Amino acid sequence: METEPSVFQKLIAGETLIKKVFRKEILPILADLRLAILLLLIIAVFSISGTLLEQGQSLEYYQSNYPEHPALFGFLTWKIIIFIGLDHVYRTWWFLSLLVLFGSSLTACTFTRQLPTLKSARRWTYYDKPQQFQSIALSAELTTGSLTALEPLLKKRHYLVFQDGNKLYARRGIIGRIGPIVVHGSMLIILAGSIIGSITGFTAQEMVPGGNIFQVKNILDAGQFSQAQIPKDWAVKVNRFWIDYDPDGRIDQFYSDLSVINKQGEEVERKTIHVNEPFRYQGVTFYQADWGIGALRVRVNKSPVFRLPMAPLDTGGQGRIWGTWIPIKPDFSAGVSVLAKDLKGTVLVYNGKGELVSTVREGMSTEVDGVTLFIDEVVGSTGLQIKADPGIPIVYLGFGLLMISVMMSYVSHSQIWALKEGERLYIAGKTNRAKVTFEREIVAILDDLNDLDQNNLLSVGNLSENLQN
């Protein structure tokens, strides 16, 4: 009477079936080079889209720049961008899934193709029959000669030589077989760094007037596990922001003097940044990205200095200009307007009727609506782009290994066999790269042997025919 299998036996059988299906059905598909190339092309296309389409912008931005009528290229609208996630491509679940799938394909290819190839290259056998040499295209047969004379010639050319009685095997360039494996490994490291950066990094932007202290809060784009990277126990103070202009009045460079402030209000690090010279602190990088006018320090008659914020005005695309309104009566019943377009220190003053009264520079004053208005300082605002990407060091490591491994892959793996059978010496060789150079090397070795005995060459098999072809 047959007994029903136990639960444990069913689990074992199920696990065996899963392994069998994975090994015979899934693994060959993952290891297919065509799948890896297809995935790489798809990843490249969406990576390009992430470069061309602005990332991490507001919904209003995409609605105004990618309207439904007319749609860009006839199909690309803000609804498609938001639905697919093209506004944050590198952090979408499907893009990360593509990276994982591509990494799985590389891993499968490494274990099913590259590692067996390396194992085969390291595993060799001596040729102990003359017929084995005839099956190799690059072969020669000598009437005299010895393995003792051949060995130093091979070592001179940096071959690793093994000899067993009347048999000899030599190889060079095994590193060329290791190179493709390191290429795959370095690509996996790059993918791992990209995934880590996507799920743990963030991008923020802040516009901060000089003299203000701020914490990173205006997050534009962030991964699912980015909270640990956003600084909470320290803040940043903008000590000063200024712009250098060239002789023609154009902006030459703009600078921000930044300080990191701890919870006790103490400065722990300080640096002046400019374009292409960021500030890095505890994995967070501050880039100089933009500028603006944040405030105006003024006095009315004999009043103390007070600071008024300046706001950007809509110019309809005709340039950038900032403005503020200055009260000239205690009850705010009257005031004047001040406009500025840069940080050169010159402002335009308008009276209560909106009429231009004068142009004033920093440190000067003007009479307007019965009061004396002193312009002490035009305070600039620095536009900072703030990023944290813990995956960058990993990606750099991967690219470094990739460059090394590509050079390793170009090293030829060459093998030479020799057999001393009676009075005859059989020699054969093959290589996976630079075959013409390898043929010339074999000819040079034979010439060196021939120099030891001018009459020992009987035939060179089909070697001469190969060289003539």
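Shown is the FRET efficiency for residue 219 and residue 135, computed with R0 = 56 Å from the Cβ-Cβ distance and rounded to the nearest 0.05: 0.25. Length available on full extension from residue 58 to residue 371: 0.36 nm per residue minus the Cα-Cα distance, which gives 108.3 nm.
Can you return the aspartates and glutamates within cross-link range of residue 387? Criterion is Cα-Cα under 13 Å, with same-chain partners fewer than 8 residues away left out. Answer for residue 387, where 13 Å is the Cα cut-off: 206, 221, listed by chain and number.
Evaluated over the Cα positions of segment 364-434, the convex hull gives a direction-averaged projected area, one quarter of its surface, of 12.3 nm². Return the whole-Å distance between the Cα centroid of segment 269-338 and the Cα centroid of segment 352-425. Measuring centre to centre over Cα atoms gives 26 Å. The alpha carbon gyration tensor of segment 339-400 gives principal lengths a ≥ b ≥ c with a/c of 1.5 or higher and a/b greater than b/c, which makes the shape prolate. Couplings 3J(HN,Hα) of segment 173-185, computed from phi: x, 4, 4, x, 7, 7, x, x, 5, 5, 4, 5, x Hz, in residue order, whole Hz [Karplus 6.51 cos²θ - 1.76 cosθ + 1.60, θ = phi - 60°; x for Gly and Pro]. Between helix 7-21 and the chain there is an angle of about 80 degrees, using the helix long axis and the longest principal axis of the Cα atoms. Every Cα-Cα pair in segment 293-382 was counted, and those over 20 Å apart are 28% of them. Cross-link partners for residue 129 among the lysines, with Cα-Cα distance under 23 Å and sequence neighbours closer than 8 places in the same chain left out: 167, 420, 430.
Taking amide H as placed 1.01 Å from N in the peptide plane, residue 368 has its amide H under 5 Å from the amide H of 373, each at least 5 places away in sequence or on another chain. Normalised by residue number, the volume inside the convex hull of the Cα atoms of the chain is 347 Å³ per residue.
Do the alpha carbons of any pairs in 155/435; 237/263; 271/344 sit beyond 18 Å of each other, and which pairs?
On the way: 155/435 20 Å; 237/263 13 Å; 271/344 24 Å.
Pairs exceeding 18 Å: 155/435; 271/344.
Using the alpha-carbon positions of segment 57-116, Rg (one decimal) and Dmax (whole number) come out as 18.0, 57 Å.
All of the numbers you see were taken from the coordinates with simple rules; none came from a lab. Since we're looking at a predicted model, the values are computed, not measured. Glycine also receives a Cβ, built like all others from the backbone with ideal geometry; neighbour counts cover every protein chain displayed.
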